[in-house]
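The values are calculated or read from the model by the stated rules, or taken from the named source; none is laboratory data. Treat the numbers as computed from the prediction; the structure is a model and nothing was measured. Virtual Cβ from ideal backbone geometry, glycine too; neighbours counted across all protein chains shown.
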Amino acid sequence: MAMLQIEIITQIERNQAITMIKDGITSSGGWITDHQLFSNHAASLSFELPHSAIELLLSRLIEAGLNPNVIGKLPKKTNSDIKGGVALSFIHNEPDMKRDVPPFG
């Protein structure tokens, strides 16, 4: 399965930015498969999307003011779904939000 990697660096409030990305993915016919929140400075979202909807997703993210940067080349054309990932970095002056990490093992 092909992979689309997107990077977004934004000053938009993190919850709003994540919602905007989720809306862009779902309104383009895709769905979120996983997510990770790394304090309040970074997050990642994994998704799947029909290949034919890549340009629609990118235009929706641009319209939302998120300025997506595609890492590498766009996946080769296929009639099937593609996997994708969005790496988000948030620029702000808020202190680091500490999260308890459970012990491993």
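Considering region 81-94, the residues that are under 18 Å from S27 (Cα atoms) and at pLDDT below 95 include one that is surrounded by the most Cβ atoms within 10 Å (Cβ to Cβ), namely I82.
If the requirement is being under 13 Å from V86 (Cβ atoms) and among the aliphatic types (A, V, I, L, M), which of these qualifies: I18, I12?
Within the list I18, I12, the selection yields I18.
Remark: I82 falls outside the filter, which requires a residue to be out of contact with any Phe, Trp or Tyr (no Cβ under 8 Å at 6 or more places or on another chain), assigned to a helix (DSSP H, G or I), in contact (Cβ under 8 Å) with a residue 60 or more places away in the chain and aliphatic (A, V, I, L, M). So in region 41-69, with the set limited to residues that are hydroxyl-bearing (S, T, Y) and either part of a strand (DSSP E or B) or closer than 30 Å to N93 by Cα (or both), which one is farthest from the chain's Cα centre (by Cα)? The extreme case among them is S59. Whether a residue is part of a loop (DSSP other than H, G, I, E, B), surrounded by 13 or more Cβ atoms within 10 Å (Cβ to Cβ) and in contact (Cβ under 8 Å) with a residue 40 or more places away in the chain was assessed, and L74 passes this test.
Would you check if S44 is within 12 Å of Q5 (Cα to Cα), hydroxyl-bearing (S, T, Y) and either surrounded by 13 or more Cβ atoms within 10 Å (Cβ to Cβ) or touching a Cys at 6+ places or on another chain (Cβ under 7 Å) (or both)? Yes. If I filter region 25-35 for residues that are part of a loop (DSSP other than H, G, I, E, B), touching a residue at least 24 places away in the same chain (Cβ under 8 Å) and of a type in the set (V, I, T), do I get at least one hit? No: region 25-35 contains no residue that is part of a loop (DSSP other than H, G, I, E, B), touching a residue at least 24 places away in the same chain (Cβ under 8 Å) and of a type in the set (V, I, T).
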